[in-house]
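Q: Okay, here's the structure, questions in a sec.
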Amino acid sequence: MLVTWLFVWFSDAPWCGHCKALAPEYAKAATILREEGSEIRMAKVDATVESDLAHRYSVSGYPTIKLLRGADKEPVEFTAGRMAEDFVTWLKKKTGPSAESITTVEAAKTLITKSEVVVFGFFKVNFIISLTTALP
C-alpha cells in the first residue's frame, strides 16, 4: 500500500519527559486512525540516531511533530494539543476534503449540528433552496 500521509514524531533521548508523556497518546491516536481505516500512517523517529533526517526536516527541539505528504511537498508543523483526540482531529482537518457537497436540507442540518463553523456556497443559478424556512 502506498502511504499518502505520514505523521512523524521526531523524538530525542528516551529520558525526555515531554516525549514520555506523549508516547501513549500518540499510540492511542494511531490505533484510532487504524480502526477507522484511515490512510494516515503515524511514525516515530529517534532524531539522535536519524540526525540527517531530523536536519532535513528542520527539527530543532523535541518533540517535533510534522505531517508529510510526498517528497516534493513542504511538511506541515503540528500545532494542536498533545492528546490522542487532538492528533486525530487535527489530522482529519488537514487531510480531509476541503468541501462537502450538501444536496439535501437534512444533510445541511447534520453538518450544522456537528460542526463549529459552516459556510454554504451556491454555485448554480438553477439550484435554489430556501434555507431560511428549512433550517433553524
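Q: Got a sec? Which helices (runs of 4 or more DSSP H) wholly within the range 17-98 have at least 3 residues that are more than 11 Å from the chain's Cα centre (by Cα) and without any contact (Cβ under 8 Å) to a residue 60 or more places away in the chain?
A: Of the helices (runs of 4 or more DSSP H) lying wholly inside the range 17-98, those with at least 3 residues that are more than 11 Å from the chain's Cα centre (by Cα) and without any contact (Cβ under 8 Å) to a residue 60 or more places away in the chain span 17-35, 51-56.
Q: Another question about this same structure. Check Gly81 against each of (1) touching a strand residue (DSSP E or B) at 6+ places or on another chain (Cβ under 6 Å); (2) under 18 Å from Lys93 (Cβ atoms); (3) surrounded by fewer than 18 Cβ atoms within 10 Å (Cβ to Cβ) and name the one condition it does not meet.
A: Status for Gly81: all satisfied but (1).
Q: Okay, moving on. Of all residues in the range 1-19, count the ones that are surrounded by 12 or more Cβ atoms within 10 Å (Cβ to Cβ) and either touching a Pro at 6+ places or on another chain (Cβ under 9 Å) or over 25 Å from Thr95 (Cβ atoms) (or both).
A: 8
Q: Mind telling me which of the residues Leu22, Leu33 ends up being buried (at least 18 other Cβ atoms within 10 Å of the Cβ), farther than 30 Å from Phe120 by Cα and modelled with pLDDT of 90 or more? Before you say what the answer is, go through the steps one by one.
A: On the way: Leu33 fails: farther than 30 Å from Phe120 by Cα.
Testing whether each residue is buried (at least 18 other Cβ atoms within 10 Å of the Cβ), farther than 30 Å from Phe120 by Cα and modelled with pLDDT of 90 or more leaves just Leu22.
The values are calculated or read from the model by the stated rules, or taken from the named source; none is laboratory data. Only a predicted model underlies this, so the values are computations on that prediction, with no experimental measurement involved. Using ideal geometry, Cβ is built from the backbone for each residue, glycine included, and neighbour counts are taken over all protein chains shown.
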